[in-house]
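Q: Shown below is the structure under consideration.
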Amino acid sequence: MRLAFILGEIGSGLRRNLSMVVSVVLVTFISLTFVGAAALTQMQITQMKGFWYDKVEVAIFLCGEDYGSQTCADGAVTDSQRSAIKDMLDSAAVKPYVDGYEYESQDQALRHFREQFKNSPIVDTVTADQLPESFRVKMVDPEKYDVINELFSSMKGVDTVIDQRELLEKVFSIMNIASLVAVGIAVVMIFCAVLLVATTIRLSAFSRRRETGIMRLVGASKVVIQLPFVLEGVIAALIGAVLASGTLWAVVRYLIQGKLAVEYPDTAFIATGEVLLVAPGLLVLGVVLAGVSSVLTLRRYLKV
Amino acid sequence: MIRFEHVTKVYDQKSRPALDDIDVEIDRGDFAFLVGASGSGKSTFIRLVLREDQASRGSVHVAGQNVARIPGWRVPRMRRGIGVVFQDFRLLPNKDVFSNVAFAMQVIGKSRASIRSTVPEVLKTVGLQGKEKRMPNELSGGEQQRVAIARAIVNQPGILLADEPTGNLDPATSVGIMNILDKINQNGTTVVMATHDNDIVNSMRRRVIELDEGKLVRDERAGEYTAMIPIINRDGSRELRAANPQDQAIAPFDSEEDEA
């Protein structure tokens, strides 16, 4: 009986305050979508790190004709310089850090370049001697890039040593900033949601003050009086959280999995599985925020 | 059933106390009128019994319990033993008669079956059989008050507090309400009724507790009450004067203690 009664009270409360409840649903929906988007971006970064860090190499570019750097002052790299670099890579000092390396000649570089930019008109104008030859070094531990850099960058015939990881870091830092912005917006929106829940509960408590007054007089317990209000806020927030989870799922399913992952098959993307990890967190967050703010509001505006 | 031990209630330190050293006991099964002018402390008395407020000094005992000692979460349980009726009825306008009475049972978790059997019975007690489906705005004032009384007693409280229950009703309708309260009292419920309706007090001949500016000035077993006395001055002009306890028309014959 009591359960049916409380459910009835919640239903009438939701109906009476429909416009406020809808706004709570929408604000929670948007704020939790931002929270979820930030979480998913972080997951995407982790995913890409794991994927790319296995593939990235340290590239030791060798000198060509008329390269500007100091070590290239003598012109293009000579055979002896090249073998000195090769010996260095095989030496006992370097060996422990290196998983393996490959030599890429100018012709091979051109082939790779053409593969990479096959859609770009620039391909036709580039010739093999414009591209530097290089050693592609695969590190045992990509973090130990400095060792290689120190040993090779000052050698004769070496133009520059480049850690491809740095290029990726740029991408990751952009994504990080994006996710921070999302978190920032989420914080503001959550603040809005909390205040809105508080206002809604206040209105609801005010519009039902007759009922609660009588409940008090006939000795209804605090739980019976307050629970309908708390649940009203919680249900609205829960609907918002479900919408947010659904939206994130749809974005990942149709935009990322359905489009990006198809267009860029050699990149790791998050899948709907990640959304299923984030969604329970969003639901809990929505419920807790609404629950706490409505309990605090009731403590002030509903005497029991 | 209700015992006030030297109860003082101060709302505001600067003004006089709302209740000043009240010492009174209302026994189980009593029917007591609480009379006095506006501001004499009748409503404060009722609020203290309900533990809406707590006494500043002294102790209030309801059904053998010192209400100050009841922890907050037990207060609802204590209030289930007290029914309350107000001057303004306080019905829920969007519920019909049956639902208004049933509401009091629903919120304390009574079963559907017991609601279905108890509510018509109580409506019969207050003389509202056949009007279960009416909405409050379709009822007369007297009928609305009957619904309020039904709601107050539907959970069989040991005490019924009535704060000016006839204040909004005409004398004829008031008689009907008083008969219901009397019937409830005869069934063993302690009734405390705050009022300043002379006619009702005088015709009921029940216990009268009179408050004046927060002080208990009279407590008679079967008292009367006169709120105002017409005075004819020497120059022939007439005026109404608020009555003193000494002005009561009939000498008390069953007073418990001597009043000044």
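The values are calculated or read from the model by the stated rules, or taken from the named source; none is laboratory data. The structure displayed is predicted, hence computed values, not measured ones. Cβ: placed from backbone, ideal geometry, glycine included. Neighbour counts: every protein chain shown. Keep in mind that these areas ignore ligands, DNA and RNA; they rest on the heavy atoms of the full protein, side chains included. Shrake-Rupley method; radii C 1.70, N 1.55, O 1.52, S 1.80 Å.
Q: It is to be established whether one or more residues within the stretch A:240-251 are more than 30 Å from A:LEU3 (Cα to Cα), open to solvent by 70 Å² or more (accessible area, probe 1.4 Å) and either touching a His at 6+ places or on another chain (Cβ under 8 Å) or not small (Gly, Ala, Ser) (or both).
A: Yes, because at least one residue in the stretch A:240-251 is more than 30 Å from A:LEU3 (Cα to Cα), open to solvent by 70 Å² or more (accessible area, probe 1.4 Å) and either touching a His at 6+ places or on another chain (Cβ under 8 Å) or not small (Gly, Ala, Ser) (or both).
Q: If you take the residues in the stretch A:193-222 that are of a type in the set (Val, Ile, Thr) and either open to solvent by less than 20 Å² (accessible area, probe 1.4 Å) or part of a loop (DSSP other than H, G, I, E, B) (or both), which one is farthest from the other protein chains (Cβ to nearest Cβ)?
A: A:VAL197
Q: Further, regarding this structure: In contact with a Ser or Thr (Cβ under 8 Å, 6 or more places away or on another chain) and either under 23 Å from A:PHE29 (Cα atoms) or in a helix (DSSP H, G or I) (or both): which single residue out of A:ALA241, A:ALA250 fits that description?
A: Unique residue meeting the criteria: A:ALA241.
Q: Being part of a helix (DSSP H, G or I) and within 14 Å of chain B (Cβ to nearest Cβ): is that true of A:MET189 here?
A: no
Q: Could you list all residues from the stretch B:60-73 that are open to solvent by 50 Å² or more (accessible area, probe 1.4 Å), more than 15 Å from B:LEU160 (Cα to Cα) and among the hydrophobic types (A, V, I, L, M, F, W, C)?
A: B:ALA68, B:TRP73
Q: Among (1) open to solvent by less than 70 Å² (accessible area, probe 1.4 Å); (2) over 23 Å from A:GLY291 (Cα atoms); (3) not basic (Lys, Arg), which single condition is A:GLN70 missing?
A: Going through the list (1) open to solvent by less than 70 Å² (accessible area, probe 1.4 Å); (2) over 23 Å from A:GLY291 (Cα atoms); (3) not basic (Lys, Arg), A:GLN70 breaks only (1).
Q: Sticking with this one: Restricting attention to the stretch B:115-126, which residues are assigned to a helix (DSSP H, G or I) and more than 9 Å from chain A (Cβ to nearest Cβ)?
A: Within the stretch B:115-126, B:ARG116, B:SER117, B:THR118, B:VAL119, B:PRO120, B:GLU121, B:VAL122, B:LEU123, B:LYS124, B:THR125 qualify.
Q: Another question, if that's okay. Within the stretch A:93-118, can you find the residues that are touching an Asp or Glu at 6+ places or on another chain (Cβ under 8 Å) and over 22 Å from A:CYS63 (Cα atoms)?
A: Of everything in the stretch A:93-118, just one residue is touching an Asp or Glu at 6+ places or on another chain (Cβ under 8 Å) and over 22 Å from A:CYS63 (Cα atoms), namely A:TYR97.
Q: Condition first: of a type in the set (Val, Ile, Thr) and over 15 Å from A:ARG216 (Cα atoms). Now tell me which residues in the stretch B:47-99 satisfy that.
A: The answer is B:VAL60, B:VAL62, B:VAL67, B:ILE70, B:VAL97.
Q: Hey, among B:ASN185, B:ASN233, B:ASN179, B:ASN244, which residue is open to solvent by 50 Å² or more (accessible area, probe 1.4 Å), modelled with pLDDT of 90 or more and polar (S, T, N, Q)?
A: Of B:ASN185, B:ASN233, B:ASN179, B:ASN244, the one residue that is open to solvent by 50 Å² or more (accessible area, probe 1.4 Å), modelled with pLDDT of 90 or more and polar (S, T, N, Q) is B:ASN179.
Q: OK, next. Can we say B:ALA194 is under 30 Å from B:ASP12 (Cα atoms) and more than 14 Å from chain A (Cβ to nearest Cβ)?
A: The answer is yes for B:ALA194.
Q: Let me ask something else. Take the stretch B:45-77 and flag every residue that is among the hydrophobic types (A, V, I, L, M, F, W, C), more than 17 Å from B:ALA162 (Cα to Cα) and in a helix (DSSP H, G or I).
A: If the condition is that a residue be among the hydrophobic types (A, V, I, L, M, F, W, C), more than 17 Å from B:ALA162 (Cα to Cα) and in a helix (DSSP H, G or I), then B:VAL67, B:ALA68, B:TRP73, B:VAL75 are the ones that fit.
Q: Shifting gears a bit: Quick one: B:GLY167 ticks every box in (1) assigned to a strand (DSSP E or B); (2) under 15 Å from B:ALA37 (Cα atoms) bar one, so which box is it?
A: Checking B:GLY167 against (1) assigned to a strand (DSSP E or B); (2) under 15 Å from B:ALA37 (Cα atoms), the one that fails is (1).
Q: On to the next question. In the stretch A:202-212, is there at least one residue being closer than 24 Å to A:VAL24 by Cα and touching a Ser or Thr at 6+ places or on another chain (Cβ under 6 Å)?
A: Yes, the stretch A:202-212 contains at least one residue that is closer than 24 Å to A:VAL24 by Cα and touching a Ser or Thr at 6+ places or on another chain (Cβ under 6 Å).
Q: Within the group A:VAL242, A:VAL161, which residue is away from chain B (no Cβ under 14 Å), under 30 Å from A:TYR67 (Cα atoms) and touching a residue at least 40 places away in the same chain (Cβ under 8 Å)?
A: A:VAL161
Q: Also: Count, please, the residues in the stretch B:84-101 that happen to be more than 24 Å from B:GLY41 (Cα to Cα), surrounded by fewer than 20 Cβ atoms within 10 Å (Cβ to Cβ) and not acidic (Asp, Glu).
A: Qualifying residue count, the stretch B:84-101: 5.
Q: Now for a different question. Taking into account only those residues within the stretch B:142-164 that are touching a Phe, Trp or Tyr at 6+ places or on another chain (Cβ under 8 Å) and part of a helix (DSSP H, G or I), which is nearest to the other protein chains (Cβ to nearest Cβ)?
A: Per the stated criteria, the residue is B:ARG151.
Q: Here's something else I'd like to know. Would the stretch A:54-68 turn up any residue that is touching a residue at least 12 places away in the same chain (Cβ under 8 Å) and in a helix (DSSP H, G or I)?
A: So far as the stretch A:54-68 goes, no, none of its residues is touching a residue at least 12 places away in the same chain (Cβ under 8 Å) and in a helix (DSSP H, G or I).
Q: If we scan the stretch B:74-83, do we find a residue that is in contact (Cβ under 8 Å) with a residue 60 or more places away in the chain, crowded, with 22+ Cβ neighbours inside 10 Å and touching a Gly at 6+ places or on another chain (Cβ under 8 Å)?
A: yes
Q: How many residues does the stretch B:5-59 hold that are surrounded by fewer than 15 Cβ atoms within 10 Å (Cβ to Cβ), within 30 Å of B:ASN187 (Cα to Cα) and of a type in the set (Lys, Arg)?
A: 1
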